[in-house]
Amino acid sequence: MEVTTSWYLALGAVLFTIGAVGLLVRRNPLVMFMCVELMLNAVNLTFVAFGAALGDLGGQVSVFFVLVVAAAEVVVGLGLVVAVARRKPGATADDITLLRG
Amino acid sequence: MVEVIVFVACAAVVLGGAVGVVVSRNPVHSALSLVATLFGIAVLFVSLEAHLLAAVQVIVYAGAIVILFLFVIMLLGVDRAEDLETEPIAGQRVLAVASGIGILGASLLAFFALAGDDLITGQPGAIQAITDEVPNVEAVGELLFTDYIAAFEITGVLLTIAVVAAVLMVRKPPASVVEDDEPPNALEEVELTRQAASDAAAQARAEAEAEAEAAAAERKAAAADDTEQADEADDEDKAEVD
């Protein structure tokens with residue numbers, strides 16, 4: 001038995017699905033962010049698996065940029081969470097449907 | 001055989017961590033489960049011979065991003081257990097699981113049924129072939145600083161913008177700006193100026209609160225749960241104090 005690219009792709013698909021379901025189910029903005037990270041990681045795994053299958057470095061370079069964007073996204077997202085939590089302590093995603101003053 | 005064992009162990013850690021992120025009642029436990037998932041992915045990167053990415057994954061994700069999450073969790077004091085029993089929106093979970101099955105089915109179908117043996121159709125080594133002579137770190141680094149130098153510079157700009165945005169968002173605003181979260185012992189003058197300047201804002205806030213209360217009442221009717229009610233009573237108390 002040998003580990004083929006399909007194994008990695010299947011694992012990535014399952015991981016992406018878990019992240020997507022978590023994003024839809026949970027209401028705590030922090031946990032929702034973590035679920036987005038899960039989905040990003042699933043895609044990263046797929047990138048690297050395809051890159052390895054093709055013997056190409058392009059997949060790894062793409063993952064590098066995804067990592068940078070994920071870091072920037074987390075910084076901005078957590079800044080938003082802190083700003084919202086200052087005005088409305090304990091706010092869930094359902095409580096911030098109104099984004100006016 | 002070793003590869004299979006490594007893959008199966010890592011897959012178990014990755015999926016277990018992912019499920020832990022979703023089902024943990026406490027956000028701190030979610031963050032720690034996320035660390036397990038990220039480490040599993042890092043080991044899979046090693047087994048795919050992406051050594052630089054494995055190191056970056058551990059340093060940036062597990063080292064920086066999760067720590068940032070934990071900082072915010074602790075800072076905001078939201079590390080108490082959540083009530084996951086009640087469903088805030090009727091049918092939300094059923095729909096979420098249904099769409100999850102849809103996503104999983106669609107991607108697995110695309111991977112295996114439709115693609116079949118022609119799963120990978122790209123041209124091998126189109127951007128830069130992986131060779132055994134050049135170490136992985138060196139090869140990726142060279143590619144980043146030659147072919148992808150423009151993208152690399154732009155990510156630097158992106159990170160700078162993100163830092164500036166984060167500082168702007170969480171900065172304490174000057175006293176003239178209307179704020180809900182001033183401590184009660186703020187200067188009387190500031191208070192007066194603020195109130196004079198913020199009639200419209202107060203009205204808008206009152207409207208928002210009325211709507212929030214209506215929404216809360218709806219939710220209470222939908223989910224007649226004790227803890228939920230206690231939470232909302234808390235919220236209303238806070239609103240009155242404000």
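The values are calculated or read from the model by the stated rules, or taken from the named source; none is laboratory data. This is a predicted model, so every value here is computed, not measured. No Cβ is skipped: glycine too gets one built from the backbone with ideal geometry, and neighbour counts run over all protein chains shown.
Inspect the range B:39-60 for any residue being closer than 16 Å to residue A:18 by Cα and not aromatic (Phe, Trp, Tyr) and give the result as yes or no.
Yes - at least one qualifying residue is present in the range B:39-60.
When the residues of the range A:1-14 are filtered to those that are facing chain B (nearest Cβ under 7 Å) and among the β-branched types (Val, Ile, Thr), which remaining residue is farthest from residue B:106 (Cα to Cα)?
So, considering only residues that are facing chain B (nearest Cβ under 7 Å) and among the β-branched types (Val, Ile, Thr), the one farthest from residue B:106 (Cα to Cα) is A:3.
Just need a number here: residues in the range B:93-122 that are within 7 Å of another protein chain (Cβ to nearest Cβ), assigned to a helix (DSSP H, G or I) and not hydrophobic (A, V, I, L, M, F, W, C).
4
Among A:46, A:17, which is at the interface with another protein chain (Cβ under 7 Å from one of its Cβ atoms) and modelled with pLDDT of 90 or more?
That would be A:17, the only listed residue that is at the interface with another protein chain (Cβ under 7 Å from one of its Cβ atoms) and modelled with pLDDT of 90 or more.
Are any residues in the range B:60-92 of a type in the set (Val, Ile, Thr) and within 10 Å of another protein chain (Cβ to nearest Cβ), and if so, which ones?
Across the range B:60-92, the qualifying residues are B:60, B:65, B:66, B:72, B:73, B:78, B:89.
What number goes with the only condition from (1) touching a Ser or Thr at 6+ places or on another chain (Cβ under 6 Å); (2) outside any helix (DSSP H, G or I); (3) under 24 Å from residue A:59 (Cα atoms) that residue B:83 does not pass?
Only one criterion is unmet by residue B:83, namely (3).
With the structure loaded, tell me whether residue A:39 is in a helix (DSSP H, G or I), in contact with a Lys or Arg (Cβ under 6 Å, 6 or more places away or on another chain) and under 22 Å from residue B:19 (Cβ atoms) or whether it fails that test.
Spelling it out, it is not the case that residue A:39 is in a helix (DSSP H, G or I), in contact with a Lys or Arg (Cβ under 6 Å, 6 or more places away or on another chain) and under 22 Å from residue B:19 (Cβ atoms).
How about the range A:30-43: which of its residues are surrounded by fewer than 24 Cβ atoms within 10 Å (Cβ to Cβ), under 24 Å from residue A:55 (Cα atoms) and at the interface with chain B (Cβ under 7 Å from one of its Cβ atoms)?
Hits for the range A:30-43: nothing passes.
When you check residue A:65 against the structure, is it at the interface with another protein chain (Cβ under 7 Å from one of its Cβ atoms), closer than 21 Å to residue B:11 by Cβ and among the aromatic types (Phe, Trp, Tyr), yes or no?
no
Residue B:69 fails exactly one of the following numbered conditions: (1) at pLDDT 80 or above; (2) outside the structural domain of residue B:40 (by TED's automatic domain parsing); (3) in contact with a Phe, Trp or Tyr (Cβ under 9 Å, 6 or more places away or on another chain). What is the number of that condition?
Answer for residue B:69: the failing condition is (2).
If the requirement is being facing chain B (nearest Cβ under 7 Å), outside any helix (DSSP H, G or I) and of a type outside the set (Gly, Ala, Ser), which of these qualifies: A:86, A:27?
Answer to the check: A:27.
Which of the residues belonging to the range B:54-69 are free of Cβ contacts under 8 Å to residues at least 24 places away in the same chain and crowded, with 22+ Cβ neighbours inside 10 Å?
B:57, B:61, B:65
Among (1) farther than 19 Å from residue A:71 by Cβ; (2) not in a loop (DSSP other than H, G, I, E, B), where does residue B:134 come up short?
Condition (2) is where residue B:134 drops out.
Of all residues in the range B:127-142, which are within 12 Å of residue A:61 (Cβ to Cβ), without any contact (Cβ under 8 Å) to a residue 60 or more places away in the chain and among the polar types (S, T, N, Q)?
Scanning the range B:127-142 gives a single hit, B:128.
Restricting the range B:32-41 to residues that are within 9 Å of residue B:10 (Cα to Cα) and hydrophobic (A, V, I, L, M, F, W, C), which is farthest from the other protein chains (Cβ to nearest Cβ)?
Only one residue tops the list, namely B:39.
Confirm whether residue B:24 is of a type in the set (Gly, Ala, Ser) and more than 7 Å from chain A (Cβ to nearest Cβ).
yes
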